[in-house]
Amino acid sequence: QVQVEESGGGLVQPGGSLRLSCAATGTINSIDLMSWYRQAPGKERELAALIRSDGSADYAASAKGRFTISRGDIPNSWSLQMDSLKPEDTAVYYCHAWINSFDYWGQGIQVTVSS
């Protein structure tokens, strides 16, 4: 059974940095479109960043230049480095991927940007 789990959230001051990590475990024959979504209070879930199996990446306009998504050193893992964080980045962050042709979501992890 495939599972996807996030780690690394927490509280950070405006202008600070935080790194989120995601790991997929289980029987994995294929994985693609590894991504991070976020959902702020009262708002819809939105894509923050994604990375394809070929290494190419896309970012939401609000994340471009501040967030960096990357593949992890451990197989089937990926991370989101978030710099210059703003209060409006406060949200629950979810990792997501297409694994064995099915989409999987992590349970979500809270990121709070506040002084």
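Distance between the modelled labels on ARG52 and SER30, one decimal in nanometres: 1.4 nm (7 Å Cα→Cβ projection).
Roll a 1.4 Å probe over the protein chains and send me the accessible area per residue for the chain in Å².
Roughly 55 Å² per residue, with all protein chains present.
If the chain linking LYS43 and VAL2 were pulled fully straight, counting 0.36 nm for each residue of separation and taking away their Cα-Cα distance, it would gain 11.9 nm. Per-residue surface analysis assigns ASP58 an accessible area of about 70 Å², computed on protein heavy atoms at 1.4 Å probe radius. Taking all protein chains together, THR25, THR112 sort by accessible area into THR25, THR112, largest first [probe 1.4 Å]. Under the combined filter of DSSP loop state and at most 15 neighbouring Cβ atoms within 10 Å, region 25-115 retains these GluC sites (Glu not before Pro): GLU44. Sparsely packed loop sites in region 35-100 (the chymotrypsin sites (Phe, Trp or Tyr not before Pro) outside DSSP H, G, I, E and B with at most 16 other Cβ atoms within 10 Å) do not occur.
Across the chain, Cα-Cα distances exceeding 20 Å account for 35% of all pairs.
Here the chain exposes an accessible surface that is 47 percent carbon and sulfur, computed with a 1.4 Å probe and the other protein chains kept in place.
Within 10 Å, at most 16 other Cβ atoms, and a DSSP state outside H, G, I, E, B define an exposed site. Report the longest part of the chain free of exposed trypsin sites (Lys or Arg not before Pro).
Values: sites that count: LYS43, ARG45, ARG52, LYS64, ARG66.
It works out to 67-115.
Accessible area ranking (1.4 Å probe, heavy atoms, ligands and nucleic acids excluded), largest first, for LEU33, LEU18: LEU33, LEU18. Charging the Cβ of each Asp and Glu at -1 and of each Lys and Arg at +1, and nothing else, the dipole of region 41-115 about its Cα centre rounds to 80 debye.
The values are calculated or read from the model by the stated rules, or taken from the named source; none is laboratory data. Just so we're clear, the structure is a prediction, and the values are computed from it rather than from any experiment. Note that each Cβ is placed from the backbone with ideal geometry, even for glycine, and that neighbours are counted across all protein chains shown. Accessible surface is based on the protein model in full, side chains and every heavy atom, while ligands, DNA and RNA are left aside. Shrake-Rupley method; radii C 1.70, N 1.55, O 1.52, S 1.80 Å.
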